[in-house]
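To start, the structure itself, in structure tokens.
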Amino acid sequence: MEDSFKKKGTRSKLFIRRELSDMKFDERKRLMEHFIDMEKLFAQLRDAGSELSEEEKVNYLLLSMPKSYEGIITALETVEELKMDFVKNRLLGEEEKRNRGATKSLDSSIFLCYGCGRPGHKKSQCRSTQQARHRTGDWRLHGRRRSD
């Protein structure tokens, strides 16, 4: 009976490790949800009698990230001894930065151009200002036409 219990335990550990290896972060969801799902699998593995080291947990987490996170992962790989909390915080910071960028692009209508006075873009993006500069060669132009 003890042998069959060991086989079940080994099978269970292998199954959970395979789930960890196959797990991928879905960028349509929140990163915190992904962390919770991974922690559940880490706990299941521990309950099955196999404790993962901090390094193994970090490795599973980094391997679960999509290619779009490759830059931050490469930066993290340069750190000598990675701790799970440190990695999670860096990844959450990256997610927050990406979400802010997405929000800014959606809310471009709130900008009022100081060059032409029209909403929807900034002066640095103003086509009227850029065209006037190219037409006259005067790079000091601010884009607004003076009324004479």
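Here are the numbers for this structure:
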item: Candidate set: region 88-113, residues that are in contact with a Lys or Arg (Cβ under 9 Å, 6 or more places away or on another chain) and in a helix (DSSP H, G or I); chosen: the one modelled with the lowest pLDDT; result: S108
item: When residues of region 42-67 are limited to those that are without any contact (Cβ under 8 Å) to a residue 40 or more places away in the chain and hydroxyl-bearing (S, T, Y), the one surrounded by the most Cβ atoms within 10 Å (Cβ to Cβ); result: S50
item: Matching residues in region 72-93 - criterion: being among the aliphatic types (A, V, I, L, M) and free of Cβ contacts under 8 Å to residues at least 60 places away in the same chain; result: I72, I73, A75, L76, V79, L82, M84, V87
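The values are calculated or read from the model by the stated rules, or taken from the named source; none is laboratory data. None of the values given here were measured: they were computed from a predicted structure. Methodologically, a virtual Cβ is constructed for each residue, glycine included, from the backbone with ideal geometry; neighbour enumeration extends over all protein chains shown.
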